[in-house]
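The values are calculated or read from the model by the stated rules, or taken from the named source; none is laboratory data. The shown structure was predicted, so the numbers you read here are calculated from the model rather than taken from an experiment. Here the Cβ positions follow ideal geometry from the backbone for every residue, glycine too, while neighbour counts run over all protein chains shown. Accessible surface is based on the protein model in full, side chains and every heavy atom, while ligands, DNA and RNA are left aside. Shrake-Rupley method; radii C 1.70, N 1.55, O 1.52, S 1.80 Å.
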Amino acid sequence: MKHLPSERHTLSILVDNEAGVLARIVGLFSARGYNIESLTVADVSDDHAVSRITVVTNGPPPVIDQIMAQLDRLVPVHKVVDLTDWGPHVEREMALVKVAGTGDKRVEALRLADIFRARPVDTSTASFVFEVSGSSEKVNQFITLMREVGLVEVARTGVVAIARGAEAV
């Protein structure tokens, strides 16, 4: 059997909002040696009964299919959707990026932030904390450029995603 190329997939998993569910989902990935690139969880129902877990993972198509089938069999899981295969969807990530610098480095950090539409959410005479959001590629590029002007640390949310269109997925 020839080696299939690995593909990036964004999975949306609707689950019961109860203790231990996230551990079961992560345990499924861990026990089978599947990597999680990004993981986010949020309550998505008015009565706080359902949460959406968004997982970004990599693997060849048969492995992704296997992951989805195994997730679908877990009791607290209501629905599993591979947004990558589903079709048009929106993915975003947010990061807080701390940059230290004075003089020209400070001016350059502000100039780059303006280009990336990152906004300063905290500032002192020696540093900034910028909030940047967008695609993972945009966030990565902003962080890479900030390394050259005084990057101190980064906190990232992970990918959140939702299908486009008028209907729920």
For this session: Being under 18 Å from the mean Cα position of the chain (by Cα) and at pLDDT 95 or above is the filter; apply it to region 46-66 and report the residue that is surrounded by the most Cβ atoms within 10 Å (Cβ to Cβ).
Result: VAL55
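Here is a yes/no grid of residues against (1) among the hydroxyl-bearing types (Ser, Thr, Tyr); (2) more than 18 Å from ALA161 (Cα to Cα); (3) more than 19 Å from the chain's Cα centre (by Cα); (4) modelled with pLDDT under 95:
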residue	(1), (2), (3), (4)
MET1	no, yes, yes, yes
GLU7	no, no, no, yes
ILE13	no, no, no, no
VAL41	no, no, no, no
GLU91	no, no, no, no
GLY101	no, yes, yes, yes
GLU108	no, yes, yes, no
Seminar exercise, completed: Of the candidates LEU11, LEU96, the one satisfying the condition of being assigned by TED's automatic domain parsing to the domain that holds SER136 and either open to solvent by 60 Å² or more (accessible area, probe 1.4 Å) or part of a strand (DSSP E or B) (or both) is LEU96
For this session: Tell me which residues, restricted to region 107-132, are outside any loop (DSSP other than H, G, I, E, B), open to solvent by less than 100 Å² (accessible area, probe 1.4 Å), free of Cβ contacts under 8 Å to residues at least 40 places away in the same chain and not small (Gly, Ala, Ser).
Result: VAL107, LEU110, LEU112, PRO120, VAL121, ASP122, THR123, PHE128, VAL129, PHE130, GLU131, VAL132
For this session: Identify all residues within region 69-87 that are in contact with a strand residue (DSSP E or B) (Cβ under 7 Å, 6 or more places away or on another chain) and open to solvent by 40 Å² or more (accessible area, probe 1.4 Å); write none if there are none.
Result: ASP72, HIS78, LYS79, THR84, TRP86
Problem set entry | Which listed residue is among the charged types (D, E, K, R) and more than 22 Å from LEU22 (Cβ to Cβ), from ARG117, ARG73 | ARG117
Seminar exercise, completed: By residue number, the members of region 14-39 that are of a type in the set (Asp, Glu) and either open to solvent by less than 60 Å² (accessible area, probe 1.4 Å) or free of Cβ contacts under 8 Å to residues at least 12 places away in the same chain (or both) are ASP16
Seminar exercise, completed: Per the filter on region 139-169, residues assigned to a helix (DSSP H, G or I), open to solvent by less than 40 Å² (accessible area, probe 1.4 Å) and in contact with a helix residue (DSSP H, G or I) (Cβ under 9 Å, 6 or more places away or on another chain) are PHE142, MET146
